[in-house]
1. What ³J(HN,Hα) values, in whole Hz, does the Karplus curve 6.51 cos²θ - 1.76 cosθ + 1.60 give for region A:272-286 when θ = phi - 60°, with x put for Gly and Pro?
2. Assuming a ≥ b ≥ c are the square roots of the Cα gyration tensor eigenvalues, decide whether chain B counts as rounded (a/c under 1.5), prolate (otherwise, with a/b larger than b/c) or oblate.
3. Give the calculated FRET efficiency between B:Leu133 and A:Glu407 to the nearest 0.05, with a Förster radius of 35 Å applied to their Cβ-Cβ distance.
4. Helix-derived [θ] at 222 nm for the protein assembly as shown: sum -39500 (n - 2.57) over DSSP H runs of at least 4, divide by residue count, nearest 500?
5. Using a 1.4 Å probe on the protein heavy atoms, what percent of the accessible area of region A:102-386 belongs to carbon and sulfur?
6. Counting only heavy atoms of protein chains, what accessible area per residue, in Å², does region B:109-211 have with a probe of 1.4 Å?
7. For chain B, give the percent of accessible area contributed by carbon and sulfur heavy atoms, probe 1.4 Å, rounded to a whole number.
8. Which FRET efficiency value, to the nearest 0.05, is calculated for A:Phe295 and A:Leu262 with the Förster distance at 25 angstrom and r the Cβ-Cβ distance?
Amino acid sequence: MPEIDFISSQIRKDDDRSTAERVRDRLELTGYLVFFFILFLIGLAIKDAYLLMGYLALVGAGAFMWRKLPRLDQRFRDLVQVHKGQMVLVMSVLLAVYPLIFAHDAYLVHLGALAGIFVIVALGLNITLGFAGLLDVGFAVYFAAGAYTSAQLAVIWDVDFWVGLPLGGLVAAFFGFLVAWPALRVKGHYLAMVTLGYGLMMNILHRNLKGVTNGTDGVINIPAPTIFGHDFLSPITVFGFTLPFQTNFYYLTLILIAITMLISYRLLNSNIGRRWEAMREDDVAAHCFGIDLTFNKVLAFSTGAFFGGIGGAVFAHMIGFVHPDNFILLTSITILAMVLIGGMGSIWGVALGAVLLIMIPERLRDFEVLRMLLFGLSMALIMIFRPQGLFPSQRRRRELESARVEELIKASGKENAHVRPVD
Amino acid sequence: MTKDPRPSPEAAGADQPILRIEGVSKSFGGIRAVQNLNLSVETGEVVAIIGPNGSGKTTFFNLLSGLYPVTSGSIEFDDPPSSLVGLPAHKINELGIARTFQTLRLFPNLTVAENVLIGMNRHLNGGFLQSLLRTPAIVEDEKKAEERATETLGFFGPRLLSMYNEPAYSLSYANRRRLEIARVLASRPKLILLDEPVAGMNPTETAEIMEDIKRINTMGFTVLLIEHDMALVRGVAERVIALDHGTKIAEGSFDDVCNDPEVIEAYLGRGAAAAGGAAPASDAPEARP
Ligand SMILES: Nc1ncnc2c1ncn2[C@@H]1O[C@H](COP(=O)(O)OP(=O)(O)OP(=O)(O)O)[C@@H](O)[C@H]1O
Ligand SMILES: [Mg+2]
């Protein structure tokens, strides 16, 4: 599609463009984002379940039309890629005002925080699966490891949340490390089976290792965090304006998401991320170019699991109660679906996937049985019409100076000064 | 890296072969794919390995690059010598051997530039923490790496450079083969292994690759090459080794090997050899599609 190439190359040459054009691009991007955010807010604000269904159908139809406009779709994605800073800025502002908009509705703020927790977890799986291509169908294991670790530390030993949080992540990383060893011997579907078995096995342990997890009684009365003497269970008051206590957790997850995204982004755009991607694309070739498959796979499993554990720790302290039913196979599958629906490897996409997969089923609770059916159907539709996910990852583009290219093309055929065997 | 502590007997002679293979065999169950192979490669040489389909050429490369463990025998590389036996593939690459694949093995969803950057992997460091902190040293390294990637791609003129930011899957077949070579060059290895670099290419493209291989050799690279295209072998190889059923049946100059009765027999059958039939050079087994 030459037209699309034309559009993207137009944006790519950012340097050649005037300030006015760049400002226009930024405004355009802001416009898109605000528009999508308002659509999302309307969906949350509709209380009547049937009305909500109708609204979702309408948005779905709109999304289908959007798909029919590849130029628009590509334009939006190019804008996001070229103006990353603007994207971060606008999204931060929009997400920061979310609790202010719903200050009267504690439930929606709570839902926002819950979605935020799963954004962190899904971003973790995105490292393992999206970057390194390792299909982990037992991700609830790490979520559980983080939750139980920080919960029990707080309940039994009175350990502060701010210590329990990183420890939860580290214990989860260790569980990722554990599964990596048997998982190293297998690939693809077989790897899925190994991790599936791991997930099921660990959940049985959650139920039966009473000394560690309290079995099916669960861990109760997990204290909420405090920061500088401010208890997370007391409301925030700013300028005489009172926000429900859930806002504390909401902002906590927002900050953790920002950190997780930054780490994901940095890893992906480094040698580490490139090695992971090479393994994902062709592990034999990767191995022959000096990539230590064992080390890099273990690293990918542990890093992903770490964020699963961080999510779990926040979850435990927000809900105040941890039970083996929180870590069943469906949890793992839902986390996997977040990554697939959002777009494997795409940081923003996976975050979007997590938000939708937490919020939509939650808001359709009135439909009881029908709820999961409708939900399953819409997932199937997304995968049929957009198999690469809602917001697929974009190829990185590197700047290439045209003068330098000319020079190299002229030089080719003659001696190539720098390409020599190393001594 | 297991280094031989003893002073090598040839250490005095400057021309210690870069690769020394003694009695290497490989069996897959009952199939003996490589049998008791002896061979050495001098620094700066271009050596070609020929042989009919299934004669064990690719298997031999897989042994050299560490993808398969050898059943028996010794492989020594470089000076001071390192034994390659038992080393995993990534360690062998770190020692300075890089290869292409007969069935292309690019990273299809990575860009042309990124494929070459992976080729450079053994020269790039940058641990987990440095990557997270994005230290100035890392940023500088990455800039230099990209600059070198560009230069390496420049080896093929505009063909790959113009596709710099495109995914490898979008390349034409011939360009994919070129990118395989570029990725190897980016590794700047002491020994390059090329497995049928012109398989499936047309005569013009083949002639071009022949020039490219000569240039690679002029740049100081040692090349070990598997090829069915006899024109290419004649054009580039200083020495030719013929394999049949996993055994070396002939070694020497191109003409010597092609006129060797055993080689003719391997390619054309016993009758042809008895009739003093044509060497593989003339009605050669052509590159298969
Ligand atoms: N992984 C394997 N398992 C079992 N047998 C194998 C394996 N790899 C190769 N072989 C067998 O080893 C023999 C040599 O195969 P190889 O691929 O090395 O031949 P080749 O000389 O490269 O042939 P070609 O010219 O067709 O590429 C064949 O009989 C092949 O079937
Ligand atoms: Mg072969």
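1. Ordered by residue, 3J(HN,Hα) equals 4, x, 5, 5, 4, 5, 4, 4, 4, 6, 6, 6, 5, 4, 4 Hz.
2. Oblate, because a/c is 1.5 or more while a/b does not exceed b/c.
3. Between B:Leu133 and A:Glu407 the formula returns 0.55.
4. About -18000 deg cm²/dmol.
5. 72 percent
6. Normalised by residue count, the accessible surface of region B:109-211 is 34 Å².
7. Ligands and nucleic acids excluded, carbon and sulfur reach 52 percent.
8. So the FRET efficiency works out to roughly 0.60.
The values are calculated or read from the model by the stated rules, or taken from the named source; none is laboratory data. In this text, all values refer to a predicted model and were calculated from it rather than measured experimentally. Please note: Cβ atoms are built from the backbone with ideal geometry, for glycine as well, and neighbour counts cover all protein chains shown. These area figures cover heavy atoms from the full protein model, side chains too; ligands, DNA and RNA do not enter into them. Shrake-Rupley method; radii C 1.70, N 1.55, O 1.52, S 1.80 Å.
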